[in-house]
Amino acid sequence: MSERRLPWVIKYRPRRVEEVVGQDQAKKALREWLEEWLKGRVPSKRVALLYGPPGVGKTSLVEALARELNMEVLELNASDYRRRSDIERTVAVAAKKRPLFRRGLIILMDEVDGLDPKADEGGIEALMNVVKETLNPIIMTANDPWREHLRDLREYSLMVEFRELTNTQIIALLQRICESERLKCDKEALAYIAERSMGDARAAVNDLQTIAEGYREVTLDLARTIVKGREKTLNIWRTLSGVFYAKQAWMAKRAVTQSEEDYETLIAWLNDNIPKKYGDPQDLYRAYESLARATIFLNRSKAGEWGLLSYVFDLIGPGVAFARVSGKILEARYGFPERIRLMSQLKARRELREKLAEHLARRLLTSKRTVKNEVIPVLTVIFRNETDPTMAARLALGYRLDKDMIEYLAGPRTNDVLKAVEKIRKAKPEEIEHKKAKEEKTRKKESKGLDRYI
Ligand SMILES: Nc1ncnc2c1ncn2[C@@H]1O[C@H](COP(=O)(O)OP(=O)(O)O)[C@@H](O)[C@H]1O
Ligand SMILES: [Mg+2]
């Protein structure tokens, strides 16, 4: 690869900690934690979980710190810890290894939130065992550390938050690159790229390189034509930061309109996190008032007054952002609205159980209570059978269970059962159709019979 073709995100990767822009708190926390290890003391948390949006310096900081502290980095990627056996082969071995040439060994597991919790059965569990006993510091990075399957891991981790970079920080970074590439870069063009990058330095540097390599100069017009397409949806983490750290109203509004979450979820998250960020009682009061009004408008707009939706955006975005008049912001971490999530999950599960009980009661000519106490437990065992989903599939077809019902019964084995159902369906379509018709007849009879008793 010629020098010119080298991606600038690699060429200009920060080498020293000082070159990592911003992230002062993360730098301090991580350095202290690594120094603890180097002194031969094992910190109470053996894992550091670096979290934050992409392209803000998580990986770069680890590499730069390691270089400064003269530590070795063993970088593992997702394929090294997908399954239990991978973990035992890689992470677990590394966790016990003594560094060969340097003062210490850092095990870096990048982007652990990318793990697919279903495909990694046993993986997380194996990882937890390593985490509790490792003799070397393990650093993990994640964009979204609040995912359900990372919950146990969070408890054993030093949580280190990375912020999205400000426009000013990104502009400074781009300017440095322009200088060393001897490129003519217009200030407005850099500002435009920075703004579009939404705090993601990797994206900004890539955009800059695209323009520069095509045209050898970076003007606002070029930037507008080339960069304009970037439309991103924001995950909840970025939405919250977008609201709480908004400097101008439009930033807060964009954070909520571009969120991938629906408005109820957003309100729930804000509701739980406002007190973590706002300490001043008057700020709190204003923020909650804004949220309460948003809820009212949301309900009215759902009732048909759609024009009100725009006020909802205003109230949960700028409304919450500018409730903070005191200027003070707390450094607490965002928290998952556990209660809300649990409640809704439980409620959904309860409703499904009711639906299933009713469905089966009708088919089995028995009471819902009997179904719940005696039939569902047995079906659960059959549906979660590890070796052969065929029986479960036959029952699913026989009882005409829908996907949700199958999922309720089969849990982690849902996919296997669904596949088996498909297989049977494909194998003998006519026979099944025939059976279905026959079954439908009996069912009608059954329910008639049942009606008499109700
Ligand atoms: N804080 C930062 N300071 C300087 N450059 C950065 C920073 N964050 C990201 N970059 C640029 O973006 C690229 C990717 O950064 P990286 O550390 O891999 O981000 P992350 O791990 O947070 O996704 C780096 O090579 C660098 O060019
Ligand atoms: Mg990274």
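The values are calculated or read from the model by the stated rules, or taken from the named source; none is laboratory data. Keep in mind that what you see is a predicted model, and the values were worked out from it rather than measured. Methodologically, a virtual Cβ is constructed for each residue, glycine included, from the backbone with ideal geometry; neighbour enumeration extends over all protein chains shown. Remember, those area values only see protein heavy atoms, side chains included, never the ligands or the DNA or RNA. Shrake-Rupley method; radii C 1.70, N 1.55, O 1.52, S 1.80 Å.
Within the accessible area of the chain, the carbon and sulfur atoms contribute 52%, probe 1.4 Å, all protein chains present.
Using +1 at the C-beta of Lys and Arg and -1 at the C-beta of Asp and Glu, which of 398, 415, 201 has the Cα lying farthest in the positive direction of the dipole of the chain? Selected residue: 398. Annotation: amide H-H contacts under 5 Å for residue 140 (H modelled 1.01 Å from N, sequence separation of 5 or more, or interchain): 48, 49, 50, 109.
Going from most exposed to least, what order do 290, 367 have by accessible area with a 1.4 Å probe? Write down the numbers at each step before the final one.
Working: 290 10, 367 55 Å².
Result, largest first: 367, 290.
Ligands, DNA and RNA are left out, and with a 1.4 angstrom probe the accessible area of the chain is 54 Å² per residue.
Placing +1 on the Cβ of every Lys and Arg and -1 on the Cβ of every Asp and Glu, with nothing else charged, gives the chain a dipole about its Cα centre of roughly 1200 debye. When the residues 153, 158 are ordered by accessible surface, computed with a 1.4 Å probe over the protein chains alone, the sequence from largest down reads 158, 153. Amide H to amide H distances under 5 Å link residue 104 with 72, where only residues 5 or more positions off or on other chains count and H is placed in the peptide plane. Estimated at the nearest 10 Å², the accessible area of residue 366 is 50 Å² with a 1.4 Å probe. Note on the chain: helix-only mean residue ellipticity at 222 nm, from DSSP H runs of 4+ residues weighted -39500 (n - 2.57) and normalised by residue number, equals -17500 deg cm²/dmol.
Dipole of the stretch 236-336 computed with +1 at Lys/Arg Cβ and -1 at Asp/Glu Cβ about the Cα centre; of 246, 335, 292, farthest Cα towards the positive end is 246. Listed values for the stretch 172-177 are Karplus-derived 3J(HN,Hα) couplings in whole Hz (6.51 cos²θ - 1.76 cosθ + 1.60, θ = phi - 60°), namely 4, 4, 5, 4, 4, 5, and x replaces Gly and Pro. Dividing the mean sequence gap of close Cα pairs (under 8 Å, 6+ apart) by how many residues the chain holds gives a relative contact order of 11 percent. Note that the stretch 62-75 has calculated 3J(HN,Hα) couplings of 4, 5, 5, 4, 4, 4, 5, 8, 6, 10, 8, 10, 9, 9 Hz, one per residue in order, obtained from phi through the Karplus relation 6.51 cos²θ - 1.76 cosθ + 1.60 (θ = phi - 60°); glycine and proline are x.
In straight-distance terms, cross-link reach from residue 302 covers every one of the aspartates and glutamates whose alpha-carbon lies under 19 Å from its own, apart from those fewer than eight places away in the same chain; here that gives 260, 261, 262, 264, 314. When all protein chains stay in place and ligands, DNA and RNA are ignored, the 1.4 Å accessible-area order of 33, 250, largest first, is 250, 33. With θ taken as phi - 60° and the Karplus curve 6.51 cos²θ - 1.76 cosθ + 1.60 applied, the whole-hertz 3J(HN,Hα) list for the stretch 141-148 is 10, 7, 7, 10, x, 8, 5, 3 Hz, x standing for glycine and proline.
Taking Cα centre as origin and charging only the Cβ of basic (Lys, Arg, +1) and acidic (Asp, Glu, -1) residues, the dipole magnitude of the stretch 167-227 rounds to 80 debye.
May I ask which residue of 40, 192, 159 lies farthest towards the positive end of the charge dipole of the chain, with charges of +1 (Lys, Arg) and -1 (Asp, Glu) on Cβ and the Cα centre as origin? So the residue we want is 159. The amide H of residue 259, built 1.01 Å from its N in the peptide plane, has 234 as neighbours under 5 Å, considering only residues 5 or more places off or on other chains.
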